[in-house]
Amino acid sequence: MPADIWSLYALMLKSRLFEEAIAKLWRDGLISGEMHLGTGEEAIIAGVVARLREGDALALDHRGTAALLMRGVDPILILRELLGYPDGLCGGRGGHMHLFSPEHLTVSSGIVGAPGPTAVGLALAAQHLRPGTIAVAFFGEGAMNQGMLLESLNLAAVWNVPALFVCKDDGWAITTPSEGVTGGDLLARVRAFGLPAADVDGGDVFAVWEAAGQAIERVRFAQGPAFLRARCVHIEGHFLGFQLLRAVRNPLKEMPSMALPLMRSFLRPEGAVLRERLAGLRQVLVVVLAALRDPRCDAAHDPLRRVRQVLRSDPARLQELEDRIAREIDDALALALAEEPS
Ligand SMILES: Cc1ncc(C[n+]2csc(CCOP(=O)(O)OP(=O)(O)O)c2C)c(N)n1
């Protein structure tokens, strides 16, 4: 079966516009707390979710909104949950990191690594209660250093449960480059547990769709686990408001408020000697210059842009699709905001 690029793009675009709406609510102060979005990983989620069937289960991480939406959870319920309303998906108590939809067999957790054991539990249930169905775990490469995730890879292999582990590798765990805290090669690590493991370009939805198809075929029909590592770039950084990205994208607006306190402390009469101050300033400049070259600031890494380039061959259809999805999200947002909770 060839990939249906229009439906894959529709899934990705819906998720992107939905998360942009969430970002606006967050910036307007209507959603409290940190906000981790999945912008930049849509190709991974869409490529895998498009391969799922009814009865398959999902265990998600702190960036779970896109997968919930693509799996068919009502956007209004998600929005009202994030707004903290009692009629939200989880009574307004879960927030964006702890979402649960029993009808969609989909659950998320902000505990890094938790999708591993959750997916093994869901896959064990699938093996016993719903033969032919599978469970998928989505998590970052930072989670690959969590004990519970390694234990779940082991159990999945020992029990031979139908679980697909999908590692969305953006190379960062908050502000820690993952290569500096990760021993050896991740795929070799997974293979040592006895799981087949493959690498895929997570910015290329067709490649993910292809790789996910092969992995899921094995998981579903051989009823055994598999692992996929998909590299991606999180366009918003770790969470919304990531300072360096803000500064690089909008230097005239952001730099003064960031640079003034720094300059003020640099010019204070008391404190460190000039040589140490200059060394500190140099370090800051190195970080800012590195941010200018950061792939998160380079639109070429946007997975939506890559599919759109292909779909431009039919501009009328593309426009119609984009208008329709934009309307869908606008309507969902208006409805979610229409009624204050009682
Ligand atoms: C057990 C646990 N430790 C630490 C944290 C704090 N924390 C939240 S997200 C995150 C980084 C996770 O990195 P990764 O798994 O690569 O996912 P990414 O955020 O890059 O998508 C950390 C350390 C947490 N939520 N749970």
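The values are calculated or read from the model by the stated rules, or taken from the named source; none is laboratory data. Worth saying up front: this structure is predicted, and the values here are computed from it rather than measured. Every residue, glycine among them, receives a Cβ derived from its backbone with ideal geometry; neighbour counts consider all protein chains shown. Just so you know, the surface numbers come from the protein's heavy atoms only, side chains and all, with ligands and any DNA or RNA stripped out. Shrake-Rupley method; radii C 1.70, N 1.55, O 1.52, S 1.80 Å.
If you take the beta carbon distance between Thr175 and Ala316 as r and set R0 to 35 Å, what does 1/(1 + (r/R0)^6) give as a FRET efficiency, to the nearest 0.05?
Numbers: r = 44 Å, r/R0 = 1.27.
After rounding, the FRET efficiency stands at 0.20.
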Using the Karplus curve 6.51 cos²θ - 1.76 cosθ + 1.60 with θ = phi - 60°, work out ³J(HN,Hα) for each residue of the stretch 78-88 in order, rounded to whole Hz, and write x for Gly and Pro. 5, 4, 5, 5, 5, 6, x, 7, x, 9, x
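What shape does the stretch 41-184 have by the C-alpha gyration tensor, where a ≥ b ≥ c are the square roots of the eigenvalues, rounded means a/c under 1.5, and otherwise prolate means a/b greater than b/c and oblate the rest? Mind showing how you got there, number by number?
Numbers: a/c = 1.81, a/b = 1.15, b/c = 1.57.
Taking the square roots of the gyration eigenvalues as a ≥ b ≥ c, the stretch 41-184 is oblate.
Quick one: length gained pulling Ala299 to Leu337 fully straight, 0.36 nm per residue minus the C-alpha distance?
Working: separation 38, 0.36 × 38 = 13.68 nm, distance 3.11 nm.
The span from Ala299 to Leu337 would gain 10.6 nm if fully extended.
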Jot down the per residue volume, in cubic angstrom and as a whole number, of the convex hull over the alpha-carbon atoms of the stretch 56-130. 76
In µm²/s, what is D for the chain at 25 °C and 0.890 mPa s, where D = kT/(6 pi eta Rh) by Stokes-Einstein and Rh is the Kirkwood radius from Cα pairs? 115
Considering only protein heavy atoms, with the full assembly of protein chains and a 1.4 angstrom probe, order Val219, Val310 by accessible area, largest first. Val310, Val219
Hey, can you grab everything whose amide H is under 5 Å from the amide H of Ile134? Only 5+ residues off in sequence or another chain; H modelled, so Pro and N-termini drop out. Asp56, Ala57
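Loop only by DSSP, 11 or fewer other Cβ within 10 Å of the Cβ. Give me the trypsin sites (Lys or Arg not before Pro) in the stretch 217-247 that pass, ordered by residue number.
Values: sites: Arg218, Arg220, Arg229, Arg231, Arg246; in loops: none.
Filter output for the stretch 217-247: empty list.
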Label point distance in nm, Met258-Arg27, each placed 7 Å from Cα along Cα→Cβ: 1.6
Quickly estimate the mean residue ellipticity at 222 nm for the chain, helices only: each DSSP H run with n ≥ 4 gives -39500 (n - 2.57), and the total goes over all residues, rounded to 500. -16000 deg cm²/dmol
How much accessible area does Cys232 have with a 1.4 Å probe, in Å² rounded to the nearest 10? 10
Given R₀ = 22 Å, FRET efficiency for Val286-Glu34 by Cβ-Cβ distance, to 0.05? 0.25
What ranking of Tyr9, Tyr85 comes out by heavy-atom accessible area, probe 1.4 Å, highest first? Tyr85, Tyr9
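What per residue convex hull volume, in Å³, do the alpha-carbon atoms of the stretch 243-297 yield? Kindly include the intermediate steps, with their values, before the conclusion.
On the way: hull volume 3.7 nm³, N = 55.
Dividing the Cα hull volume of the stretch 243-297 by its residues yields 68 Å³.
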Can you compute the modelled spin-label distance between Ala272 and Trp6, with each label point 7 Å from Cα toward Cβ, in nm? 6.0
Normalised by the empirical 2.2 N^0.38 Å for globular proteins, what value does the Cα Rg of the stretch 261-342 take? 2.08
Please enumerate, by chain and number, the lysines with C-alpha under 22 Å from the C-alpha of Lys168, excluding those fewer than 8 residues away in the same chain. Lys14
On the full set of protein chains, 1.4 Å probe, figure out the accessible area of Lys14 and give it in Å² to the nearest 10. 60
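Accessible area, 1.4 Å probe, largest first: how do Ser313, Ser265, Ser152 sort? Provide the component values of the computation, followed by the final result.
Numbers: Ser313 100, Ser265 65, Ser152 5 Å².
Highest to lowest solvent-accessible surface, that is Ser313, Ser265, Ser152.
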Regarding the stretch 179-328, what are the three Cα extents along the principal axes, ordered largest first, in Å? 71, 50, 24
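How large is the accessible surface per residue of the stretch 87-209, computed with a 1.4 Å probe and reported in Å² as a whole number? Could you put the intermediate results ahead of the total?
Values: 5040 Å² over 123 residues.
Ligands and nucleic acids excluded, the figure is 41 Å² per residue.
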For a quick check: with amide H placed at 1.01 Å from N, whose amide H comes under 5 Å from Phe165's, ignoring anything fewer than 5 positions away on the same chain? Ala137, Ala226, Phe227, Leu228
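Carbon-plus-sulfur fraction of the accessible area of the chain, 1.4 Å probe, in percent? Walk me through the numbers before you get to the answer.
Working: 9490 of 16290 Å².
Accessible surface attributable to carbon and sulfur in the chain totals 58 percent.
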Sorted by chain and then number, the residues having a modelled amide H within less than 5 Å of the amide H of Leu105, at least 5 places away or on another chain, are none
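Can you figure out the FRET efficiency of Phe221 with Asn250, using R₀ = 35 Å and their beta-carbon distance, to the nearest 0.05?
Efficiency computed from Cβ-Cβ geometry: 0.10.
Hey, could you get me the Stokes-Einstein D for the stretch 182-263, Kirkwood radius over alpha-carbon pairs, 10 °C and 1.306 mPa s, rounded to whole µm² s⁻¹? Provide the component values of the computation, followed by the final result.
Working: Rh = 16.1 Å.
Estimated diffusion coefficient is 99 µm²/s.
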Calculate one ³J(HN,Hα) per residue across the stretch 245-251 by plugging θ = phi - 60° into the Karplus curve 6.51 cos²θ - 1.76 cosθ + 1.60, and present them in order as whole Hz with x for glycine and proline. 5, 4, 5, 6, 6, 9, x
Backbone HN-Hα couplings from phi across the stretch 285-293 [Karplus 6.51/-1.76/1.60, Hz, Gly and Pro as x]: 4, 4, 5, 5, 5, 5, 4, 4, 9
